[in-house]
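Worksheet: one structure, shown below.
The values are calculated or read from the model by the stated rules, or taken from the named source; none is laboratory data. None of the values given here were measured: they were computed from a predicted structure. Ideal geometry is used to build each Cβ from the backbone, glycine not excepted, and the neighbour counts take in all protein chains shown. Remember, those area values only see protein heavy atoms, side chains included, never the ligands or the DNA or RNA. Shrake-Rupley method; radii C 1.70, N 1.55, O 1.52, S 1.80 Å.
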Amino acid sequence: MLNVKLFHIKKFIPMPYEEALAPRLKLAQSRLQNGTGEGGEFTGWVRLPRDCDRTELDRIARAAAAIRADSQALVVIGIGGSYLGARGVIECLCSPNYNLRKKTTPDIFFVGNGLDADALAEVLELVGDRDFSVNVISKSGTTTEPAVAFRFFRRKLVEKYGREGAGRRIYATTDKSRGALKALADQEGWETFTVPDDVGGRYSVLTAVGLLPIAAAGVDIGELLSGAGEMMDACTAEGCGENPAWRYAAARYQLYRAGKSVEILTCFDPAFRFMAEWWKQLFGESEGKEGKALFPASVEFTADLHSMGQYIQEGRRLMFETSVRFGPSAHQLIIPRDEQDGDGLNYLAGKSLDFVRDRAAEATLLAHTEGDVPNLVVEAGTKSAASLGALIYFFEYACGLSGYLLDVNPFNQPGVEAYKKNMFALLGKPGYEDRRAELEAGLD
Ligand code: PA5
């Protein structure tokens, strides 16, 4: 079971802050459990792992099986909460080199998460003449980036399979009734999956948003949900000793109050990169409001110890680290002996790479703590669908608690609208004429 270890923050924040924060955590807990806090209408994810719609899950499994049977590539179109979770889980469990591996599941390409023409053109080319399907994901059904990418891939599908054939290869994950995507899906008869009304984008990885692409990649989504379900049960407990999310939320809040302004998520597993991207969105978008909150950043160890390590050790003392640790690797690589020992590495001969990695992790933790960077350790267990499900739910729950500790609404994202409004105005979208005139005056 996941464990949060606080030993290496003790010298930085006077105990017993947990007791002092308990009444506020209890209130935050009740708001999450009962949907009575700000944004309470978006707390459907709290019970999702156990209450998810079984019929929808069966449909997801069937659609994933159909994609695996008829497609060599799956193009997943979405941005922010509509793609990061799926990419995080697939890369973490199946490998960042998933597309390069020999496998019986389709290659998976993520597009619609930016507006770069070369990136989009490259995926169009990589899909090439292969059989492919598209999973277009947008809760609002109106987001520009995925909508633009979808036009290109829809055209490619229609050119290859005709309108009807294309329709059988498009899976739309969106709101149950609102938005342009839903209207289009209904009109064209595409299979649709619903993002529940009470689950916001960045909390939606355990809905069809994440589950369909994850299942298409061959990951056992039942295991993912069952791990999340176990964590859901653990998170109903009250008290920092009993509830790991309380422990984490309390520690990071106390470090924030003690003056830290950056939280870096670290992991010694390069496959974790997109889980860290998911985590950054989760915390950044949930907490970054009203001039408050920790800035969520991430680094990959040991690679970034050779780039960002210097700053972490000796730069401005504004950060603490949350280090995610997994158990033994699937491959136990033993370092070979070399008779010449020209590289002087024979002192490691016979040792596993895990052994070396674990010593590097201990060395890093001690060095950074000595350099006044508090370290929280999240022991996530051996990497599996179940342990990742638990980790996802743990971070989501801790994020909800953290938002309420900060007195912000953890479920809205009003700041995201600012760039969109300007972009629409500059693109000449009807209805934004006044804003366009204002902006043009400010552009040189
Ligand atoms: O968390 C959120 O709500 C956002 O990050 C959204 O997921 C993101 O903006 C994409 O929105 P949509 O799914 O409506 O296209």
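Summary table
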| item | result |
| --- | --- |
| Residues of the stretch 368-391 satisfying the condition of being of a type in the set (Val, Ile, Thr), outside any loop (DSSP other than H, G, I, E, B) and over 24 Å from Gly229 (Cα atoms) | Thr369 |
| Options Ala149, Ala172; residue that is within 13 Å of the ligand (Cβ to nearest atom), assigned to a helix (DSSP H, G or I) and open to solvent by less than 10 Å² (accessible area, probe 1.4 Å) | Ala149 |
| Check on Ala293, outside any helix (DSSP H, G or I) and under 28 Å from Pro410 (Cβ atoms) | yes |
| Cross-chain or 6+ apart pairs with Cβ under 9 Å, the stretch 301-323 first and touching a residue at least 24 places away in the same chain (Cβ under 8 Å), then of a type in the set (Lys, Arg) and part of a loop (DSSP other than H, G, I, E, B) | Arg317/Lys260; Leu318/Lys260; Met319/Lys260; Phe320/Lys260 |
| Test for Ala121: is it farther than 30 Å from Arg247 by Cβ and open to solvent by less than 90 Å² (accessible area, probe 1.4 Å) | yes |
| Residue within the stretch 182-202 that is under 20 Å from Gly39 (Cβ atoms), modelled with pLDDT of 95 or more, small (Gly, Ala, Ser) and within 16 Å of the ligand (Cβ to nearest atom) present | yes |
| Only listed residue being open to solvent by less than 70 Å² (accessible area, probe 1.4 Å) and farther than 27 Å from Tyr311 by Cα, chosen from Tyr347, Tyr432, Tyr419 | Tyr432 |
| Considering residues of the stretch 175-203 that are of a type in the set (Val, Ile, Thr) and outside any loop (DSSP other than H, G, I, E, B) only, the residue farthest from Pro146 (Cα to Cα) | Val199 |
| All positions within the stretch 189-217 that are more than 16 Å from the chain's Cα centre (by Cα), open to solvent by less than 10 Å² (accessible area, probe 1.4 Å) and not aliphatic (A, V, I, L, M) | Phe193 |
| Test for Leu126: is it among the aliphatic types (A, V, I, L, M), more than 16 Å from the ligand (Cβ to nearest atom), assigned to a helix (DSSP H, G or I) and open to solvent by 70 Å² or more (accessible area, probe 1.4 Å) | yes |
